[in-house]
Amino acid sequence: MTFKFTIYPHTRLLTKIYQKYENRITQEVQFKLLLATDNVEIEADAVRLRQVVEHLLDNAAKFTVKGHMGIRYALSNHICRYRLRYSKQSI
């Protein structure tokens, strides 16, 4: 497996993922994207990062039938950490 690292606007990546999923998730689930106010750029393989985040969302959406889902990130010491939260009202 090869990786292609580039500098990528992080907000744009998460916004695209959010737009892809906002219509796929049932109406009983409220989906939120919580972005930082500053425009963060990260060095990453955007394709692989997108695959990981989408996989997390797929799993959460598959088992959450009612309630809420949200994704956010935090940048600390040049490390980007993701947090996916969803309600416990699942199958």
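None of the figures in this text is laboratory data; all of them are computed from the coordinates on show. Computed from a prediction, not measured in an experiment: that's the story for all the values here. For neighbour counting, all protein chains shown are included, and Cβ atoms are generated from backbone atoms with ideal geometry for every residue, glycine included.
Which one of 10, 73, 44 has its Cα pushed farthest toward the positive end of the charge dipole of the chain, where Lys and Arg give +1 and Asp and Glu give -1 at the Cβ?
Looking along the dipole axis, the top candidate is 73.
Go ahead and estimate [θ] at 222 nm for the chain from helices alone: -39,500 (n - 2.57) per DSSP H run with n ≥ 4, summed, over the residue count, rounded to 500. Present the calculation step by step, with values, prior to reporting the outcome.
Details: 2 runs with 30 residues, N = 91.
The helix contribution divided over the chain gives -11000 deg cm²/dmol.
For segment 43-59, just list the computed ³J(HN,Hα) in residue order, Karplus coefficients 6.51, -1.76 and 1.60, θ = phi - 60°, integers in Hz, with x standing in for Gly and Pro.
9, 7, 7, 4, 5, 5, 4, 4, 4, 5, 5, 5, 5, 4, 5, 4, 5
To the nearest 0.05, how large is the calculated FRET efficiency for residue 56 and residue 7 if R₀ is 25 Å and r is the Cβ-Cβ distance? Each step should come with its number before you reach the end.
Working: r = 23 Å, r/R0 = 0.92.
It comes to 0.60.
If you filter segment 51-80 for trypsin sites (Lys or Arg not before Pro), then keep DSSP loop positions with at most 16 other Cβ within 10 Å, what is left? Working shown, then result.
On the way: sites: 62, 66, 72; in loops: 66.
Those satisfying the criteria are 66.
Per q in 0.19 Å⁻¹, report the Debye log10 I(q)/I(0) for the chain, using one uniform scatterer on each alpha carbon and no solvent.
One equal scatterer on each Cα of the chain leads to -0.89.
Which far-off residues, 5 or more places away or on another chain, put their amide H under 5 Å from the one on residue 40, with H placed in the peptide plane?
10, 11
Students often check this: by mean Cβ neighbours within 10 Å, which of 15-28, 41-54 ranks highest, and how do the rest follow?
Ranked from most to least packed, the peptides come out as 41-54, 15-28.
Quick one: 3J(HN,Hα) in Hz for segment 65-72, Karplus 6.51/-1.76/1.60 with θ = phi - 60°, rounded, Gly and Pro as x.
Rounded to whole hertz, the list is 9, 7, x, 8, 9, x, 10, 8.
With +1 on each Lys and Arg Cβ and -1 on each Asp and Glu Cβ, and nothing else charged, work out how big the dipole of the chain is about its Cα centre, in Debye to the nearest 20. Mind showing how you got there, number by number?
Details: 15 positive and 8 negative charges, 54 e Å.
Approximately 260 debye in magnitude.
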